[in-house]
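K.L.:
The structure is given below, and queries will be raised subsequently.
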Amino acid sequence: MPTDVNPAFAEELRRLRNLRGLSYRQLAERASCAKTQVNDLETGRRQPTVTMARALDDALDAQGRLAKFVEDAAGPAIPAAAIKLAPAGRAEPMGDQDVRQLHETVQHLVKLDTMHGSEGLHLTAVHAFRAAHRRMSTVGARPGLGADLRAAIAEVGEVAAWLSYDSEHQDVSRQVATEAALVAEVAGDVSMHRFLFSHLSMQATYLGRGAEGLDLAERVIGEDPKSRRVVGMMRVRRARAFGQLGDSTEALAELRRARGDLAGGVGPDDPGWTWWLHEAELAVHEARIKSAAGDGRGAVAASERSVLNLPSGQGRDQALYRAWLISDLVDVRAWREADEVAEELVERAPVVGSARVPRILKAAARRGGRSGAPSWLTDALWEAARVSDPAA
């Protein structure tokens, strides 16, 4: 959460940015944030978090001057032991300890994401990835450890890309995923490279670039992976891309093929990261394809199935899947049912942690208003969006 800080923060940020000769956009790219965030911080419309201040310090080579304005008031953004990277000034090559610390960083990031959500945390993750990548490029690795180190760095990048995606920082997510995929490729980590291509395909379709999403998925399938679940995942990506491109028939057919590939659980040839592909997840994708094709009732049925079949341990998805169900119910003017699901979602708001949930709810509220939804429903949807917003 933002905290009250010395108003000199904005003045110092402006001074440092001008001193480095950077535009708002250039600084935002270096700090992995939005251009509007930099502008709002300089004009005092937004108070910085400790994590944001540290990212700006790193981008401006400011030796921690910006973070000092907020650290005393807010405390560390995350526990000091949570993100473990070797000291930047150490000149010797990276070694076994660095590999261990990178794996610990991934574990801490995932734990913090589960507890608190991705908003803000994505900055820490992106910083961890780029700091490690920069150091590897500068001092290298001890003999025989180059591949292991690059693979560990790529994994941090994958987590950073996901956190940026989930918190709706899409440009950052795309850039980090692309960088991490190159690191994984150099490391010879085929599994992580495919995982990052899956991410990029998913994100391309999410951003309305169906042809790009289709091409990325087909490139992995063309490699003829030994893992059927990897093929199934890429078929899911292809299905969503076909749906986004307006071919719902082929999209649903590809989704049926994906179900066959994913049957039977995770086997010895399947990467661990394919665990989350289950019937509830497939039902969500089916609902989104049918919704895009104008089959509102079919979308509602699939969304209901996704909520019913979702494992209870996936707290964030419990909220996300309900948000999509509300959206589908609004589209078929099932006002009472949408209100009931909104009440369920509000009860789960403390474990949402995803910027996608309020975005879906706000869009549903706007569509409902245009479709003649009663005011008590649109009010309920706006309230559900407010309480589920991790940035609020």
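Quick note: the coordinates plus some simple rules give every number you see, no bench work behind them. In this text the structure is predicted, and so the values were computed from the model without any measurement. Quick reminder, even Gly has a Cβ in these numbers, built from the backbone with ideal geometry, and neighbours come from all protein chains shown.
K.L.:
Could you grab me the full set of residues in region 13-70 that are over 26 Å from the mean Cα position of the chain (by Cα), under 19 Å from Thr124 (Cα atoms) and of a type in the set (S, T, N, Q)?
P.N.:
Of everything in region 13-70, just one residue is over 26 Å from the mean Cα position of the chain (by Cα), under 19 Å from Thr124 (Cα atoms) and of a type in the set (S, T, N, Q), namely Gln63.
K.L.:
Let me ask something else. Can you find a residue in region 340-352 that is under 20 Å from Tyr165 (Cα atoms) and surrounded by 21 or more Cβ atoms within 10 Å (Cβ to Cβ)?
P.N.:
Checked against the condition, which is being under 20 Å from Tyr165 (Cα atoms) and surrounded by 21 or more Cβ atoms within 10 Å (Cβ to Cβ), region 340-352 yields at least one hit.
K.L.:
Which condition number in (1) crowded, with 24+ Cβ neighbours inside 10 Å; (2) farther than 30 Å from Glu29 by Cβ is the one that Ser164 fails?
P.N.:
(2)
K.L.:
For the structure I just gave you, tell me whether Ala280 is touching a residue at least 40 places away in the same chain (Cβ under 8 Å) and either surrounded by 15 or more Cβ atoms within 10 Å (Cβ to Cβ) or over 25 Å from the mean Cα position of the chain (by Cα) (or both).
P.N.:
yes
K.L.:
Moving to a separate point now. How many residues are in contact (Cβ under 8 Å) with a residue 60 or more places away in the chain and part of a helix (DSSP H, G or I) when one looks only at region 355-383? Please lay out each step first, then the result.
P.N.:
Taking region 355-383 first, the residues in contact (Cβ under 8 Å) with a residue 60 or more places away in the chain are 355-356, 359.
Filter once more, so that each one left must be part of a helix (DSSP H, G or I): 356, 359.
Of the residues in region 355-383, 2 are in contact (Cβ under 8 Å) with a residue 60 or more places away in the chain and part of a helix (DSSP H, G or I).
K.L.:
When you scan region 223-313 for helices (runs of 4 or more DSSP H) that lie fully inside it, which ones turn up with 2 or more residues that are under 25 Å from Arg194 (Cα atoms)?
P.N.:
It comes to 228-244, 248-262, 279-292.
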